[in-house]
Each structure stands twice: as C-alpha cells, then as structure tokens.
Amino acid sequence: MTMWRPVSGDIYGLDPILFNEEAFQEFFAKERVLARGKNIENGHYEIELAVTGRRRRVAVLDDEGYVIPGMPLSELVDTMDATLRKVQIVIDGEVRYGDIDLGSLPADLAEDVAFFQEGDDGLTGVAQTPEEATSETADAEEDEELPDAPLLMLTDIVLAEIPALAAVSKVTMAAIPHGTINAIVGEKAVDPKRLILPKPVFHLTLRTQGEGAPVLTVTLDNQRTQSWTWDGQLPILDWMNEYDGAREFADEHLGAGALARRCVLEIEDGSAMEVRDALLSNKKLGPAFFVQAMGLRPEILDVLDGRMKVNELQDAEVFEQATFAKALREALALEISGHGVAKPKLWATYRKVFLDNPGLLNAAASIQAALGGSIFVGALQAKGRKARWGAGAGALLMVNAVSRILTTQFIQESLEQSEAVQKLAAAAAEEARTEERARIQQEAASASAETAQTPGSATAQTPEDSDE
C-alpha cells in the first residue's frame, strides 16, 4: 500500500498576461497531477500535492483512472519552471526563480543591474537564498510572543517527563492518559519545540483563544508540521471533477482528510472520518467537534475556552510549578512506578528486589560494607602494590553499599511523597479489583449455565416432566 503525505507550496505569477488561472489549471490537467489549489491574490497561487517515498514522487492519475506515483517533485518543479513563463515556484523546499526577459538594456542601466546582482550590503534583502529566508523565518518564530491562553497538547512523551516540562515552562499542567499517548492541558500556551526533550514522534496542539485562534497544529517526526485554522480547504483542480477516483483521493489524502489521518495516527479509538468532518465545520463549533472526534473529555474544551481551571479537571494528574529538586523527585517516582521510558516489567523487578524488602537490602549492604571495611583496614596494614589495590577495592565496596542504601531511601521517599504515583496506584488497584469481580461473575454464570444443562439436575427438565 502506497503511503502518501501532503506537501504545500506557492506559485507566484510575475506576469498576469503570461500566467493566469487558465495556464495554472491547464498545466496540472496536462500532467494529470492530483492537487488542490487556487489563486489567493494578485497571481499568487497556493498549491497542495501528495507525494510518496524518498524521491517524493507526486500522485497522478493514469489513463485507467488509478492513482499511481508519478515523477519526483523536483522533476515536476523543473517541468513547471520550463513550461510556465515568468513564475516563481516554492514547493516543499524546491525553489525555482522565474526568468524575466527584460530585453536589451542601455549600457549604464546594464552596469547598475550587474552591480545589484553582485550583492550590496544595503541590498542583501532584495534577493534572499532559500537558506537565508528559512533562517529569518525561524528567527521570527522564536521571537513571536505566545498568547496567554490555555493549550492542549497530545503527545507521545511519557508521564515521567511532564514534571520537568511543567517546571521548565513554569506552567501548571494537567496530564490525562489517552491510549498510547498523553493529553496535556496547560494553563498557558508554551512552545513545545523549545521545551520537550527528547523530541516526540507525534505532537498535536490545539488553542481556541488568542490571536489567530482557533488553531490546530500536528507535527510528525519533529519535522513535518501542518496547521489548520478552520478557514476551509483549497478546492480540487477543475480537471479532477470528472473522475471519481481523483475526488476520493483528494478527500482522503489532501486537505482536511490528510490532516485527519495525521491526527488519529497514534489514537487507538480515533476516527479519521469524524475528525475530517470536525475540521470542515465552522470556527465556532469546529474545536468542540474535534475534541469529541478525538475521544477526549468535553471538560478539556471548558479549560481551553476559559470556563474551567486546569487543576479542576477530574482524574487528571496536575503538575504545578515546582523547584528542580521537587520535579526530579516526581519524575523519578513516576519512572520507578512504571510510567516512564523504561519498560514497566523492568521497574517491577527492581521494586521487588530493592524496595519491597528493605530489611534484606540493608542487611546485605551492611555485610558488604563490613567486608569492604575489613579489606580496607587490612590493606592499610600491608605494603606494596597489592595493598594499594586492596585498599581501593575495600573503599569501593563501602561506598557502593552506602550509596545503594541512600539511593533506595531516596527513591522510597519519592514514591511515598508523590501524589500522582499514589493516585495511579489506587486507580490501577481499583481497575484490577473490577476485572477480578467481572471474572468471578463470569465464572459463576458459566457454572450456573453448565449446571442447568446437566442431565438429572434439579433445574433440568426431562421428557416425562414436559409431558406432565
């Protein structure tokens, strides 16, 4: 099965006589490229394509009506640059500057043009390279002031990393497990790109207040970011209206359909169709429909809209602004309790060996410390290289024993002081009891059914009983 992903770009017509709506539609119809796009303003056309593979081969429709990978995106841009006249093309990092034929120039004007092309300190902003433009855009994004509004984050970072995230950002956060990911609601918008380490594979944010709201962003692999502002999607190209396969492909892999597929990529109970419908609704109701389609609690929308505080979310783990030491204790407690990066079975074995038997651990550490002390004292009374090695080994045994005891005590205190760990443990115990009760009831029901079907039982009916 071919995996498609959307890429967006812009085509700037530098001469409205040579490049217009007709030329735009005609080119993609001739190449049979599946896309969405339209004229935004003054000859500026926005375009969205679907590509696949490392070579980014674009989706095209063959003569039999099937969607297949066509030419690479770079080749398509080259073809566009050669076919269309006086256009500038920028699509997913592929940049082509349109050739402008100005005709012959006077000698003095030609010298001025040559001087400008060489690059003057006062004119460096006239023609930027793609790298310079990207750098300036990144700087502008870093300097952008985030709105003072709540933010929803759906991400695959583990629960043990959230205390540090709240401490670094100085923002109170509530975490709610949601399938294989965590739903994090912050009382104020934060820039996750600066705060989350290691970078998550899946990251989604939703903001319903502040400038430009509502706005939804989805990032995969920390590099492909797609945004949605409920302003609608680009229309499909005119030639695609004649083909059902082309329209279905555009609905599923371009525009709202492509974003919906990204949104439910890590959600177990999410429906891409429902999410797509939510994205295509209006700005006022869209976020509410989106939260519902993603299987999230409606109270989260109350927090995003300012009708509820973050710490009022029920059954959520709330992490307040804390010092580094407290955040470290909380993160360590969550990691040890099995809500971190390492596998829960590993920490279950660790707790069974080191934490569930503190007396045995202290006794073993005391014996080790005594053995190390005797080796150390004996080595000090001897002479030679072996004595020095013995002293080092004895000292190492003593330090290791003491450090193990102190570390175990620190971890034990962290687990006892962590409210989040206690709540999670209580919830897990209640869930286990519920499953056990359900199992017992099911076994009892099965036993009753077997007894009723057994011949000669009090409840079983014989043929004679039926006749009577």
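At pLDDT 85 or above and within 29 Å of residue 90 (Cβ to Cβ), is that true of residue 178?
no
Listed here are the residues, each with its yes/no results for (1) charged (D, E, K, R); (2) out of contact with any helix residue (DSSP H, G or I) (no Cβ under 7 Å at 6 or more places or on another chain).
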{"residue": "184", "(1), (2)": "no, no"}
{"residue": "191", "(1), (2)": "yes, yes"}
{"residue": "212", "(1), (2)": "no, yes"}
{"residue": "234", "(1), (2)": "no, yes"}
{"residue": "244", "(1), (2)": "yes, yes"}
{"residue": "276", "(1), (2)": "yes, no"}
{"residue": "289", "(1), (2)": "no, no"}
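Taking residue 83, is it loosely packed, with under 14 Cβ neighbours inside 10 Å, among the polar types (S, T, N, Q) and not assigned by TED's automatic domain parsing to the domain that holds residue 244?
Yes.
Quick grid of which residues meet (1) farther than 30 Å from residue 30 by Cβ; (2) not acidic (Asp, Glu):
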residue	(1), (2)
214	yes, yes
220	yes, yes
224	no, yes
228	yes, yes
241	no, yes
246	no, yes
251	no, no
258	no, yes
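Could you grab me the full set of residues in segment 32-45 that are among the charged types (D, E, K, R) and at pLDDT below 95?
Correct list: 38, 41.
With the requirement that a residue be buried (at least 20 other Cβ atoms within 10 Å of the Cβ), aliphatic (A, V, I, L, M), in contact (Cβ under 8 Å) with a residue 40 or more places away in the chain and farther than 19 Å from residue 3 by Cβ, what does segment 247-290 give you?
If the condition is that a residue be buried (at least 20 other Cβ atoms within 10 Å of the Cβ), aliphatic (A, V, I, L, M), in contact (Cβ under 8 Å) with a residue 40 or more places away in the chain and farther than 19 Å from residue 3 by Cβ, then 279 is the only one that fits.
Cβ-Cβ below 6 Å, separation at least six or inter-chain, first residue in segment 32-43 and without any contact (Cβ under 8 Å) to a residue 60 or more places away in the chain, second loosely packed, with under 14 Cβ neighbours inside 10 Å and not acidic (Asp, Glu): which pairs?
Final answer for the pair search is 43/16.
Across segment 1-32, what is the total count of residues that are closer than 16 Å to residue 94 by Cβ and surrounded by fewer than 16 Cβ atoms within 10 Å (Cβ to Cβ)?
Qualifying residue count for the region: 1.
Only one of these conditions is not met by residue 149: (1) of a type in the set (A, V, I, L, M); (2) at pLDDT 85 or above; (3) farther than 20 Å from residue 211 by Cβ; (4) in a loop (DSSP other than H, G, I, E, B). Which number is it?
Tallying (1) of a type in the set (A, V, I, L, M); (2) at pLDDT 85 or above; (3) farther than 20 Å from residue 211 by Cβ; (4) in a loop (DSSP other than H, G, I, E, B), residue 149 fails exactly one: (3).
Here is a check on your reading of the model: is residue 185 modelled with pLDDT under 85 and buried (at least 16 other Cβ atoms within 10 Å of the Cβ)?
Numbers: modelled with pLDDT under 85: no; buried (at least 16 other Cβ atoms within 10 Å of the Cβ): yes.
No: the conditions fail for residue 185.
What number of residues in segment 247-269 are out of contact with any helix residue (DSSP H, G or I) (no Cβ under 7 Å at 6 or more places or on another chain) and at negative phi?
So the answer is 12.
Specify which of the listed residues (77, 51) is among the β-branched types (Val, Ile, Thr), part of a strand (DSSP E or B) and surrounded by 17 or more Cβ atoms within 10 Å (Cβ to Cβ).
Selected residue: 51, the only one of 77, 51 that is among the β-branched types (Val, Ile, Thr), part of a strand (DSSP E or B) and surrounded by 17 or more Cβ atoms within 10 Å (Cβ to Cβ).
The values are calculated or read from the model by the stated rules, or taken from the named source; none is laboratory data. Bear in mind that the values here come from a model prediction, so they are computed numbers and not experimental data. Positions of Cβ are backbone-derived with ideal geometry, glycine not excepted, and every protein chain shown enters the neighbour counts.
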